[in-house]
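The values are calculated or read from the model by the stated rules, or taken from the named source; none is laboratory data. These numbers were taken from a predicted model, which means no experiment stands behind them. Cβ sites come from the backbone with ideal geometry, for glycine too, and all protein chains shown count toward neighbours.
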Amino acid sequence: MKMAYLRDVVSLQLDAEKCIGCGRCLEVCPHGVFVLELGRSRIADRDACMECGACARNCPADALRVKNGVGCAVGILNSALGRKAACCGAAQACCCDGGKEHIEDKEARKA
Amino acid sequence: MRQQQDTVPVRPETKARHWVVGYIEAPTGSVPRVATRWTWRERMGAAAVRWHVGRMRYTVEPGLYAVGQPDRDSPLMATANYKLSFDHLRRALHGLAAWIMVVDTRGINVWCAAGKGTFGTREVVRRLAAVEARRLVGHATLILPQLAAPGVAAHNVQQQSGFKVVYGPVRAADLPAFLRAGLHASGAMRKVTFTLRERLAVVPVELVQRVVPAVLVMLAFFLGAGVGPHGYRLAVAQWPGIAAAVGVNFLAGMALTPALLPWLPGRAFALKGAEIGAATGSVLWAVGRYGVAEGVGVALLSVAACSFLGLMFTGCTPYTSASGVRRELRWALPLQIAGAGAGLVVWSLARWR
């Protein structure tokens with residue numbers, strides 16, 4: 001059964017001008033959002049996107065943008081309240097951890 | 001036994017590793033060889049972490065491991081150091097020869113660690129160097145689990161380590177087919193599913209983590225039930241009914257909603273939960289033989305509670321986007337609070353009949 005979440009809400013953006021047609025986004029997307037057409041990637045099923053960020057991080061041409069985060073109400077509420085989510089331990093780090101930002105992006109931003 | 005002691009070098013280990021069945025002499029040194037069959041210990045461990053028992057410290061030491069009798073041409077694949085991830089990987093490789101590079105994700109599974117970046121480019125590059133992967137294999141190809149992709153930039157790994165990254169299938173069980181096909185995953189292998197079995201597998205951890213709040217809610221209603229025209233008196237006679245109503249809502253909102261997820265009308269989780277709440281409230285009203293006011297109160301409270309629990313389940317699914325959940329929270333949370341407030345008022349007023 002196909003899982004479908006809300007319509008017209010995700011932040012995924014593909015800059016077709018930049019796309020080099022390597023197909024990496026098709027390889028990493030867990031929801032089959034992309035298709036390769038005439039040597040370029042195209043968003044075929046936008047509403048299936050869960051904003052995991054795999055495509056944008058792996059795009060060597062920097063053609064993809066997505067406001068990645070985790071679709072978890074507990075995590076979103078906790079970070080709004082300034083608390084750490086409970087699904088991973090204090091010494092650990094996971095996607096629902098407060099702030100939700102990729103540690104390497106965070107460091108790059110601070111540098 | 002004697003012979004085995006001779007061939008198995010004694011080495012310092014921080015954890016008992018019954019799944020190490022020997023050691024292989026690789027160009028880079030001695031590498032532990034791992035079993036590819038699960039014993040009762042793996043099964044027990046997997047069942048325990050599903051109930052949140054020992055889940056935060058169910059780990060494997062990061063480093064290099066061997067499956068079968070691998071050589072320079074054998075595939076090199078990475079996984080997280082959450083033992084459940086590692087156990088699934090080695091079981092999937094039964095009968096094959098491969099190198100497993102366990103990266104340090106602090107005991108978190110592949111996908112969640114990738115989301116935070118602990119399963120990231122830097123850790124992969126660092127671990128490739130630490131295990132001397134260049135001396136180990138001749139092919140300079142690293143197979144990463146597909147779900148590591150939110151954390152790892154494949155082109156940067158190649159630039160920094162010389163290793164070409166190929167993303168394997170989502171599920172470890174598809175690895176033999178992926179390897180047979182010359183490192184090619186079919187479309188189905190690339191997609192995340194959320195079957196009934198998968199939905200139910202994530203329920204126990206949630207139940208365990210919400211027991212305390214559920215008990216607190218129950219206690220609040222125990223105390224609240226004592227208010228009436230007579231002043232205050234502990235309404236002990238009502239406690240079993242209240243406990244049952246809270247317990248049923250807790251189970252319905254946290255187990256029934258996930259189980260029936262694809263069949264519940266609508267896309268929003270708050271709506272799906274509310275539908276379960278309406279059903280739960282109706283059943284409670286019928287079984288509890290409440291008066292109209294109390295029935296309406298209980299129904300409103302059930303709808304609000306199950307709707308909220310439905311929304312909370314978004315974090316357990318593999319397909320909800322953060323933007324979508326934020327949109328849902330904006331309209332659903334005020335409604336849930338209003339519904340719960342109205343329910344409480346009606347339920348309390350019913351006590352003044």
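Just one of the numbered conditions (1) part of a loop (DSSP other than H, G, I, E, B); (2) modelled with pLDDT of 85 or more; (3) facing chain B (nearest Cβ under 7 Å); (4) over 14 Å from the mean Cα position of the chain (by Cα) is not true of A:Gln92: (2). When only residues in segment B:258-272 that are closer than 14 Å to B:Ala332 by Cβ and either away from chain A (no Cβ under 12 Å) or in contact with a Phe, Trp or Tyr (Cβ under 7 Å, 6 or more places away or on another chain) (or both) count, which is surrounded by the fewest Cβ atoms within 10 Å (Cβ to Cβ)? In this case the residue turns out to be B:Arg267.
Given the structure, is B:Leu261 over 30 Å from B:Trp352 (Cα atoms) and touching a residue at least 60 places away in the same chain (Cβ under 8 Å)? For B:Leu261, the condition - over 30 Å from B:Trp352 (Cα atoms) and touching a residue at least 60 places away in the same chain (Cβ under 8 Å) - is met. Considering segment A:47-60, the residues that are surrounded by fewer than 23 Cβ atoms within 10 Å (Cβ to Cβ) and within 25 Å of B:Arg267 (Cα to Cα) include one that is farthest from the other protein chains (Cβ to nearest Cβ), namely A:Asp47. The conditions of being farther than 15 Å from B:Ala133 by Cα, of a type in the set (S, T, N, Q) and free of Cβ contacts under 8 Å to residues at least 40 places away in the same chain are not met by B:Thr59. Among the listed residues B:Val110, B:Val131, identify the single one that is touching a Phe, Trp or Tyr at 6+ places or on another chain (Cβ under 7 Å), buried (at least 22 other Cβ atoms within 10 Å of the Cβ) and more than 9 Å from chain A (Cβ to nearest Cβ). The unique qualifying residue is B:Val110. Just one of the numbered conditions (1) at pLDDT 95 or above; (2) touching a Gly at 6+ places or on another chain (Cβ under 9 Å); (3) under 25 Å from B:Arg126 (Cβ atoms) is not true of B:Tyr58: (1). In segment B:90-102 there is at least one residue matching the filter, namely being closer than 19 Å to A:Pro30 by Cβ, touching a helix residue (DSSP H, G or I) at 6+ places or on another chain (Cβ under 7 Å) and assigned by TED's automatic domain parsing to the domain that holds B:Gly63. Among residues of segment A:69-83 being within 9 Å of chain B (Cβ to nearest Cβ) and in a loop (DSSP other than H, G, I, E, B), the one that is nearest to B:Leu311 (Cα to Cα) is A:Cys72. The one condition from (1) crowded, with 20+ Cβ neighbours inside 10 Å; (2) without any contact (Cβ under 8 Å) to a residue 12 or more places away in the chain; (3) farther than 28 Å from A:Cys29 by Cβ that B:Ala286 does not meet is (1). Over 13 Å from the mean Cα position of the chain (by Cα) and either at the interface with another protein chain (Cβ under 10 Å from one of its Cβ atoms) or assigned to a loop (DSSP other than H, G, I, E, B) (or both): is that true of A:Ala108 in this structure? Here the answer is no, as A:Ala108 does not meet what is asked. Being within 11 Å of another protein chain (Cβ to nearest Cβ), in contact with an Asp or Glu (Cβ under 6 Å, 6 or more places away or on another chain) and crowded, with 18+ Cβ neighbours inside 10 Å is the requirement here; does B:Ala350 meet it? For B:Ala350, the condition - within 11 Å of another protein chain (Cβ to nearest Cβ), in contact with an Asp or Glu (Cβ under 6 Å, 6 or more places away or on another chain) and crowded, with 18+ Cβ neighbours inside 10 Å - is not met. Collect the residues in segment B:153-162 that are more than 7 Å from chain A (Cβ to nearest Cβ), within 19 Å of A:Cys22 (Cα to Cα) and in contact (Cβ under 8 Å) with a residue 24 or more places away in the chain, keeping them in residue-number order. Within segment B:153-162, B:Asn156, B:Val157, B:Gly162 qualify.
Suppose the filter is within 13 Å of another protein chain (Cβ to nearest Cβ) and not charged (D, E, K, R); does B:Ala279 pass it? So B:Ala279 fails the test. Scan segment A:9-34 for residues that are part of a loop (DSSP other than H, G, I, E, B) and more than 10 Å from chain B (Cβ to nearest Cβ) and the total you get is 9. Scanning segment B:186-206 for residues that are more than 12 Å from B:Gln146 (Cα to Cα), buried (at least 17 other Cβ atoms within 10 Å of the Cβ) and more than 19 Å from the chain's Cα centre (by Cα) yields a total of 0.
Can you name the residue in segment A:4-46 that is touching a residue at least 40 places away in the same chain (Cβ under 8 Å) and surrounded by 17 or more Cβ atoms within 10 Å (Cβ to Cβ) and, of all such residues, is nearest to B:Phe194 (Cα to Cα)? Ranking the candidates gives A:Tyr5 first.
Checking B:Gly324, B:Gly315, B:Gly310 one by one, the residue that is under 30 Å from A:Cys52 (Cα atoms), at pLDDT below 95 and out of contact with any strand residue (DSSP E or B) (no Cβ under 7 Å at 6 or more places or on another chain) is B:Gly315 and no other. Scanning segment B:60-83 for residues that are more than 18 Å from B:Leu142 (Cα to Cα) and surrounded by 21 or more Cβ atoms within 10 Å (Cβ to Cβ) returns B:Val60, B:Tyr82, B:Lys83. Answer with yes or no whether B:Leu183 is surrounded by fewer than 17 Cβ atoms within 10 Å (Cβ to Cβ), within 14 Å of another protein chain (Cβ to nearest Cβ) and out of contact with any Phe, Trp or Tyr (no Cβ under 9 Å at 6 or more places or on another chain). Yes: the conditions hold for B:Leu183.
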